[in-house]
Amino acid sequence: MRSHRQRTAENSAAYLLPRLHPDARVLDVGCGPGTITADLAGRVPQGSVIGIDAEAGIVADARSSVWANQRANLSFEVGDVYRLAFDDATFDVVHAHQVLQHLADPVAAMHEMRRVCRSGGVVACREADYAGMFWHPASDAMDDWVRLYRAVARSAGGEPDGGRHLVPWAHAAGFTRVDVSASMWCFATSEERRWWGELWAERLVHSRFAEQAIGENLATAAELERLAEGFRRWMEVRDACFFVPHGEVLCAP
């Protein structure tokens, strides 16, 4: 959640913003802490935005956040992307950011998102692609990290290279018009490097990811600490930078 709180509509959903209109009804699937959701609500002042997440604790945190209390047209609910609790053709925009890569059946999820989107609306999805990430300077530890992350994600039934799969997933879900784009996060300033490096150094040793890696016998605690130290060393290099590519699709129901 710490990383998710840095996400805004501008840095994570810019491809969607030109498609919003002031009275749009928006569903944000897998909203997490609600920072993107709140930004979207600010862009549809005569409309409404509902953010849903599968975990009740995350929804409770989003409801109590400062940004949620600043938007009268914003609400949060517990919800399941495979069984959305809304009628057909309810929303003008159905949005998901970094959600499909974690699902065992992303096509079923997109099909359900398509169901609740009205004709003339748009289903918008953006996913990172771990195999496409790159950084400077070279680091054996970070090479090992990305291989481990992809292995752990797939052991849990996900697809960590989701960005490159969005188009076939959309077609399989029944969309006939799919507009494709791509964008990138870049961490290059000293503040950005420290935030990204410390985030991953901590996540590698104290998180659900670490528990999964050890539980699936994909890494030992000592190996995870070595990878964390690789991020710490990387972030101290003055000219270090890290790039995260994303695939994006705007799908017409």
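FYI, it's all coordinate maths here, none of it is from the lab. Quick caveat, the model's predicted, so the values are computed rather than measured. Here Cβ is always computed from backbone atoms with ideal geometry, including for glycine, and neighbour counts include all displayed protein chains.
What does the charge add up to near Ala96, with Lys and Arg as +1, Asp and Glu as -1, over the other residues with Cβ less than 12 Å from its Cβ?
Working: positive: Arg114, Arg126; negative: Asp28, Asp53, Glu112, Glu127, Glu248.
In short, -3.
I'd like the FRET efficiency for Arg232 and Ala172, computed as 1/(1 + (r/R0)^6) with the beta carbon distance as r and R0 of 41 Å, rounded to 0.05. Provide the component values of the computation, followed by the final result.
Numbers: r = 41 Å, r/R0 = 1.00.
The computed FRET efficiency comes out at 0.50.
How far apart, in nm, are the 7 Å Cα→Cβ label points at Ala89 and Ser181?
Inter-label distance under the simple model: 2.8 nm.
Take the Cα radius of gyration of the chain and divide it by 2.2 N^0.38 Å, with N its residue count; two decimals is plenty. Don't jump to the answer; show the numbers that get you there.
On the way: Rg = 18.4 Å, N = 253, 2.2 N^0.38 = 18.0 Å.
Taking the Cα Rg and dividing by 2.2 N^0.38 Å, one obtains 1.02.
Using 0.36 nm times the number of residues separating Gln6 and Asp144, minus their current alpha carbon distance, what extension gain do you get? Please report the intermediate quantities before stating the final value.
Values: separation 138, 0.36 × 138 = 49.68 nm, distance 2.56 nm.
Contour length minus the Cα-Cα distance gives 47.1 nm.
How much FRET efficiency would the formula 1/(1 + (r/R0)^6) give for His136 and Glu191, where r is the Cβ-Cβ distance and R0 is 22 Å, rounded to 0.05? Spell out each step's value before the answer.
Working: r = 17 Å, r/R0 = 0.79.
So the FRET efficiency works out to roughly 0.80.
Under a Cβ-only charge scheme (Lys and Arg +1, Asp and Glu -1), can you give me the dipole magnitude of the chain about the Cα centre, in debye to the nearest 20? Could the numbers behind the result be given before it?
Working: 26 positive and 34 negative charges, 86 e Å.
My answer is approximately 420 debye.
Scan around Gly47 for amide H atoms under 5 Å from its own, H built in the peptide plane at 1.01 Å from N, and keep only partners 5 or more places away or cross-chain.
Correct list: Ala24.
Between Arg164 and Arg118, what is the label-to-label distance in nm when each label sits 7 Å out along the Cα-to-Cβ direction?
3.9 nm
Can you give the Rg to Rh ratio of the stretch 156-238, both from alpha-carbon atoms, with Rh computed by the Kirkwood formula?
Working: Rg = 17.3 Å, Rh = 15.5 Å.
We get a ratio of 1.12 for the stretch 156-238.
Near the amide H of Val116, under 5 Å away, which other amide H atoms are found, from residues 5 or more places off or on another chain, if H is placed in the peptide plane?
Amide H to amide H, under 5 Å and 5 or more residues apart or across chains, Val116 pairs with Ala89.
Round to a whole angstrom and tell me the spacing of the C-alpha centers of the stretch 205-219 and the stretch 155-193.
24 Å
Count the DSSP beta bridges whose two residues both fall in the chain, then state the antiparallel fraction as a percent rounded to the nearest 5. Don't jump to the answer; show the numbers that get you there.
Details: 21 of 41 bridges.
Around 50 percent of the beta bridges assigned by DSSP in the chain are antiparallel ones.
So what is the calculated 222 nm ellipticity per residue for the chain, using -39500 (n - 2.57) for each DSSP H run with n of 4 or more, over all residues, to the nearest 500 deg cm²/dmol? Please list the in-between numbers first.
Values: 10 runs with 95 residues, N = 253.
Value at 222 nm, helices only, nearest 500: -11000 deg cm²/dmol.
With a cut-off of 16 Å, note down the residues of the stretch 154-194 whose backbone N falls inside the zone around a label point 7 Å from the Cα of Asp105 toward its beta carbon.
Counting only backbone N, you get 157-159, 169-170, 172-174.
I'd like the Karplus ³J(HN,Hα) series for the stretch 157-165: coefficients 6.51, -1.76, 1.60, θ = phi - 60°, whole numbers in Hz, and an x wherever there's a Gly or Pro.
Ordered by residue, 3J(HN,Hα) equals x, x, 10, x, 9, x, x, 7, 9 Hz.
Multiply the residue separation of Arg63 and Phe243 by 0.36 nm, subtract the distance between their alpha-carbon atoms, and state the gained length in nm to one decimal.
61.6 nm
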